[in-house]
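S.K.: Questions regarding the structure given below will be posed in turn.
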Amino acid sequence: AIDGMCAAGKTTLARELQQYYEQEKIAVNVFHMDDFFLRKEQRTKERMEETGGNVDYERFFEEVIKPLKDNKKGKYRPYDCTTGEVAEGTFFESRRLNIIEGSYSRHPYFKEVYDIKIYMETQPDEQIRRIKQRNGEVMLSRFLNEWIPKENAYFDAFSIKKESLVITT
């Protein structure tokens, strides 16, 4: 699992690991927590106030974690923010290396299923620069006022950094 601050490089690290291992002829699955954004009907006041509740951890567990644990075929169905729907998806097999990246990838709902736990961080000014470059000025305020505080509450409440290999970018 690669968890940590938004814009710290989680997706980039997952992609680089995948490329490296595939060059070594080791098949890799990469799963993104961003693909499990809450559907509109799930965004209740109670759910949004829940620490770590702004991700569809139940669906991620059923569709990704459980098939991987049981070494069975699963169906990866990412949420599409443009349509507000869960995509039809694609089937996957458990592989020797399965990388789960994104904030909330270590949600306690998943229990302790990971062999390696990574926490990625960056300096706040660098985080802001990256978010602004990646998402634009308008979305930056949403990150600063909504998503970053929710992530920080999750990291603190569940000691995500404490129990991880820490990578600072």
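The values are calculated or read from the model by the stated rules, or taken from the named source; none is laboratory data. Model, not experiment: these values are computed from the prediction. Counting neighbours? That spans all protein chains shown, and the Cβs are built from the backbone with ideal geometry, glycine included. Only protein heavy atoms, including side chains, enter the accessible area calculation; ligands, DNA and RNA are left aside. Shrake-Rupley method; radii C 1.70, N 1.55, O 1.52, S 1.80 Å.
S.K.: Taking the options SER94, SER105, name whichever one is touching a helix residue (DSSP H, G or I) at 6+ places or on another chain (Cβ under 6 Å) and either closer than 24 Å to MET5 by Cβ or of a type in the set (Asp, Glu) (or both).
M.R.: SER105
S.K.: So GLU22 fits all but one of (1) open to solvent by 30 Å² or more (accessible area, probe 1.4 Å); (2) more than 26 Å from ASP115 (Cβ to Cβ); what number is the exception?
M.R.: (2)
S.K.: Residue by residue through the stretch 40-58, note down the ones that are surrounded by fewer than 17 Cβ atoms within 10 Å (Cβ to Cβ) and under 16 Å from the mean Cα position of the chain (by Cα).
M.R.: THR51, GLU58
S.K.: Can you find, within the stretch 131-154, the residue that is nearest to the chain's Cα centre (by Cα) among those that are open to solvent by less than 60 Å² (accessible area, probe 1.4 Å) and in contact (Cβ under 8 Å) with a residue 40 or more places away in the chain?
M.R.: Checked the stretch 131-154; the qualifying residue nearest to the chain's Cα centre (by Cα) is GLU151.
S.K.: Here's another thing I want to ask about it. Read through the list (1) part of a helix (DSSP H, G or I); (2) at pLDDT 95 or above; (3) not β-branched (Val, Ile, Thr), then give the number of the only condition that ASN98 fails.
M.R.: Only one criterion is unmet by ASN98, namely (1).
S.K.: Within the stretch 104-127, restricting attention to residues that are free of Cβ contacts under 8 Å to residues at least 40 places away in the same chain and assigned to a helix (DSSP H, G or I), which residue is least open to solvent (accessible area, probe 1.4 Å)?
M.R.: Among residues in the stretch 104-127 that are free of Cβ contacts under 8 Å to residues at least 40 places away in the same chain and assigned to a helix (DSSP H, G or I), the one least open to solvent (accessible area, probe 1.4 Å) is PRO124.
S.K.: Here is a further query. Test each condition in (1) surrounded by 21 or more Cβ atoms within 10 Å (Cβ to Cβ); (2) at positive phi for ASN71 and report the one that comes out false.
M.R.: (1)
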